[in-house]
Amino acid sequence: MSSKILSRGKIMVVDDEEIMRMSLQAWLEEDGFNVTTARDGIEALRLIEEEQFDAAMVDLKMPGIDGIQVLEEIKKHQSSLPVLIMTAYASVDTAVTAMKKGAYDYITKPFNPEEITMTLHKLISHQDLIKENIYLRLQLKKQYEHHNVIAKSHKMKSILDLVDIIANSRSTILIQGESGTGKELIARAIHYSSGRQSMPFVTVACTALVDTLLEDELFGHEKGAYTDARETKKGKFEMADGGTLLLDEIGDISPRMQAALLRVLQEREFTRVGGNQFLKVDVRVLATTNKDIVQAVEEKTFREDLYYRLNVINIQVPPLRERMEDIPLLMEHFIDKYNIENNKKVEGISEPALQVLMNYRWPGNVRELEHVIERAVIVNQSGLILPSDLPPELIAKQEHLEETGPELSLQEMEKQHISRVLEHNDWNIQRSAAILQIDRSTLYSKIKRYQLQLPDARG
């Protein structure tokens, strides 16, 4: 019976010295590897285009195309292929250059066959683990993804269940939540879960436009409506006919535009700017806002009748600090996304770095988390996100928490938490009470007990 074990992987050996190539091939094949050899860089690059390998061993010093150049070309064609650089000229500079260019490791001549076998076995096992992790991530993402909304927290799962229930209704929906919580993603999930999914999904950024531009954007204009109106232009209501129109940050529009919108929602018809013909469209209207619309109604800055027209169904998207169990899942999603965009191979996040993310309050919510992970992937050099890859302000806050947290009494911790929530919400009592999950009278009582004051009323 043959002493050879089952194949451990397919290896390409690149060396201009025939004796070295043949020796390595004999050693590795005896240990169960499937080996292909190349006499120079040109032949190696041809093989890379024709075959798939589990690893490559490339000599550093070769005539024509040297090992570093071969490494660079391999990474262009098969970025995930691990490369071992072989050299008889070992130096710190050699190692640093090879590793910066993407080498898995480097080994020095003369070789110990057993060490080579162990290195390759470790390397291929590591690659298998990466592939398994990628597969598991994809399976996990499928389990917890609903039209690009990734969540497993109870609050978000309840929202996604509601999305499925209301998707096919014609009723208007008001989606509320802080900036960066993913309100537009929820709106898109509603559209793409509905029977309108094959029709347009049109977004209007209400906060970015002054009245005249917003009116033109929504309703379009007739030729000659004003000086520069050289031709008829369709508005977003017409463009969304049969589909969905999202009014993003509707809490910022003026009273005049509120009145115009109310008429369209009531009558389901409108006229273009400068026109007198009423146009009817079949549009499902969704609206988002990061403002407290109830308070705006009380303050007479938002029409009560428009609020009730929009608020047929209300969805409150929770801030990230109220769905912390979603952070690891979102983090993995963003790592995968920015690995692809930046041609990186970050495998995950270290426990200390994860702890920093879990202890942070995320005032910018999911959008802020995405930016943090994007930065971490770009600057990472180790393949595993470390605390040093995170923004300095997150580390500083973690260190402050470690220094002060254990020494605080329960009352002092409650005082600091209530103070932070109030300041984050500009001392909006209703919004702060909702976040703290207490009623307004209880919050007023705690403000009095802890002698909390508005920032400009202190000192």
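The values are calculated or read from the model by the stated rules, or taken from the named source; none is laboratory data. No experiment lies behind these values; they were computed from the predicted model shown. Cβ atoms come from the backbone with ideal geometry, glycine included; neighbour counts cover every protein chain shown.
Need pairs with beta-carbon distance below 6 Å; first residue free of Cβ contacts under 8 Å to residues at least 12 places away in the same chain and within the range 362-382, second in a helix (DSSP H, G or I) and of a type in the set (D, E, K, R); sequence gap 6+ or separate chains.
Taking only residues 6 or more apart or on different chains, the pairs are 379/389.
Here are some residues: 15, 54. Which one is charged (D, E, K, R), in contact (Cβ under 8 Å) with a residue 12 or more places away in the chain, surrounded by 17 or more Cβ atoms within 10 Å (Cβ to Cβ) and within 17 Å of residue 81 (Cβ to Cβ)? Working first, answer last.
On the way: 15 fails: within 17 Å of residue 81 (Cβ to Cβ).
Within the list 15, 54, the selection yields 54.
Is it true that residue 443 is modelled with pLDDT of 85 or more and over 23 Å from the mean Cα position of the chain (by Cα)?
Values: modelled with pLDDT of 85 or more: yes; over 23 Å from the mean Cα position of the chain (by Cα): yes.
Considered against the rule, which asks whether it is modelled with pLDDT of 85 or more and over 23 Å from the mean Cα position of the chain (by Cα), residue 443 comes out as yes.
How many of the residues in the range 178-205 are in contact (Cβ under 8 Å) with a residue 60 or more places away in the chain, crowded, with 19+ Cβ neighbours inside 10 Å and either touching a Pro at 6+ places or on another chain (Cβ under 8 Å) or under 21 Å from residue 261 (Cβ atoms) (or both)? Before the answer, list the steps.
The initial filter retains those residues of the range 178-205 that are in contact (Cβ under 8 Å) with a residue 60 or more places away in the chain, namely 178-184, 186-187, 190-191, 194, 196.
Retained after the next criterion (residues that are crowded, with 19+ Cβ neighbours inside 10 Å): 178, 180-183, 186-187, 190-191, 194, 196.
Remaining after also requiring either touching a Pro at 6+ places or on another chain (Cβ under 8 Å) or under 21 Å from residue 261 (Cβ atoms) (or both): 178, 181, 183, 186-187, 190-191, 196.
So the answer is 8.
Between a first residue in the range 332-355 that is assigned to a loop (DSSP other than H, G, I, E, B) and surrounded by fewer than 16 Cβ atoms within 10 Å (Cβ to Cβ) and a second residue that is at pLDDT below 90 and of a type in the set (Gly, Ala, Ser), which pairs have beta carbons less than 7 Å apart while being 6 or more apart in sequence or on different chains?
343/79; 345/80; 345/383
May I ask you to verify whether residue 208 is surrounded by fewer than 14 Cβ atoms within 10 Å (Cβ to Cβ) and hydrophobic (A, V, I, L, M, F, W, C)?
Values: surrounded by fewer than 14 Cβ atoms within 10 Å (Cβ to Cβ): yes; hydrophobic (A, V, I, L, M, F, W, C): yes.
Yes, satisfied.
Go through the range 48-77 and give me each residue that's over 17 Å from residue 88 (Cα atoms) and in contact with a Phe, Trp or Tyr (Cβ under 8 Å, 6 or more places away or on another chain).
55 - this is the single residue of the range 48-77 that is over 17 Å from residue 88 (Cα atoms) and in contact with a Phe, Trp or Tyr (Cβ under 8 Å, 6 or more places away or on another chain).
Can you confirm whether residue 314 is under 29 Å from residue 160 (Cβ atoms) and in contact with a helix residue (DSSP H, G or I) (Cβ under 8 Å, 6 or more places away or on another chain)?
no
For the range 113-153, how many residues meet the condition of being at pLDDT 70 or above, loosely packed, with under 11 Cβ neighbours inside 10 Å and either polar (S, T, N, Q) or outside the structural domain of residue 59 (by TED's automatic domain parsing) (or both)?
0
Where residues in the range 300-321 are among the hydrophobic types (A, V, I, L, M, F, W, C) and part of a strand (DSSP E or B), which of them is surrounded by the fewest Cβ atoms within 10 Å (Cβ to Cβ)? I'd like the intermediate steps shown before the answer.
We begin by selecting, within the range 300-321, every residue among the hydrophobic types (A, V, I, L, M, F, W, C); these are 302, 306, 310, 312-313, 315, 317, 320.
Narrowing further to those that are part of a strand (DSSP E or B): 313, 315.
On the way: 313: 16, 315: 20.
Ranking the qualifying residues of the range 300-321, first place goes to 313.
Here's a check for you: in the range 71-88, which residue that is in contact with a helix residue (DSSP H, G or I) (Cβ under 7 Å, 6 or more places away or on another chain), of a type outside the set (A, V, I, L, M, F, W, C) and at pLDDT 80 or above is surrounded by the most Cβ atoms within 10 Å (Cβ to Cβ)?
Top of the filtered list is 82.
Take the residues in the range 208-265 that are aromatic (Phe, Trp, Tyr) and over 33 Å from the mean Cα position of the chain (by Cα), then tell me which one is nearest to residue 277 (Cα to Cα). Let's see the steps before the verdict.
At the first step, the residues of the range 208-265 found to be aromatic (Phe, Trp, Tyr) are 219, 226, 237.
Subsequent filtering for residues that are over 33 Å from the mean Cα position of the chain (by Cα) retains 219, 226.
Working: 219: 12, 226: 17 Å.
Ranking the candidates gives 219 first.
Please go through the range 266-299 and give me each residue that is part of a strand (DSSP E or B), within 39 Å of the chain's Cα centre (by Cα) and either among the basic types (Lys, Arg) or buried (at least 16 other Cβ atoms within 10 Å of the Cβ) (or both), ordered by number. Before you say what the answer is, go through the steps one by one.
First, pick out the residues of the range 266-299 that are part of a strand (DSSP E or B): 269-270, 273, 279-280, 284-289.
Narrowing further to those that are within 39 Å of the chain's Cα centre (by Cα): 269-270, 280, 284-289.
Hits for the range 266-299 are 270, 280, 284, 285, 286, 287, 288, 289.
Kindly indicate whether any position in the range 230-237 is surrounded by 17 or more Cβ atoms within 10 Å (Cβ to Cβ) and over 15 Å from residue 286 (Cα atoms). Give the steps one after another, and end with the answer.
Filtering the range 230-237 for residues surrounded by 17 or more Cβ atoms within 10 Å (Cβ to Cβ) gives 233, 235-237.
Add one more test, that the residue is over 15 Å from residue 286 (Cα atoms), and what stays is 233, 235.
Yes, the conditions are met somewhere in the range 230-237.
Name the residues in the range 356-391 that are part of a helix (DSSP H, G or I), within 25 Å of residue 422 (Cα to Cα) and modelled with pLDDT under 90, would you?
Result: 356, 358, 359.
Kindly indicate whether residue 220 is at positive phi and surrounded by fewer than 20 Cβ atoms within 10 Å (Cβ to Cβ). Can you show your working first?
Numbers: at positive phi: yes; surrounded by fewer than 20 Cβ atoms within 10 Å (Cβ to Cβ): no.
No.
For the range 7-93, which fully contained helices (runs of 4 or more DSSP H) count at least 3 residues that are among the small types (Gly, Ala, Ser), in the same structural domain as residue 122 (by TED's automatic domain parsing) and over 36 Å from the mean Cα position of the chain (by Cα)? Outline the logic, then answer.
Working: elements: 18-30, 41-50, 67-77.
Qualifying helices (runs of 4 or more DSSP H): none found.
Of all residues in the range 184-213, how many are of a type in the set (Ser, Thr, Tyr) and either modelled with pLDDT under 90 or touching a helix residue (DSSP H, G or I) at 6+ places or on another chain (Cβ under 8 Å) (or both)?
Going residue by residue through the range 184-213, those that are of a type in the set (Ser, Thr, Tyr) are 192-194, 198, 203, 207, 212.
Next, from what is left, pick out any that are either modelled with pLDDT under 90 or touching a helix residue (DSSP H, G or I) at 6+ places or on another chain (Cβ under 8 Å) (or both): 193, 203, 207, 212.
Of the residues in that region, 4 qualify.
Among the candidates 407, 399, which residue alone is under 27 Å from the mean Cα position of the chain (by Cα), of a type outside the set (A, V, I, L, M, F, W, C), over 23 Å from residue 153 (Cβ atoms) and at pLDDT below 80?
Working: 407 fails: under 27 Å from the mean Cα position of the chain (by Cα).
Answer to the check: 399.
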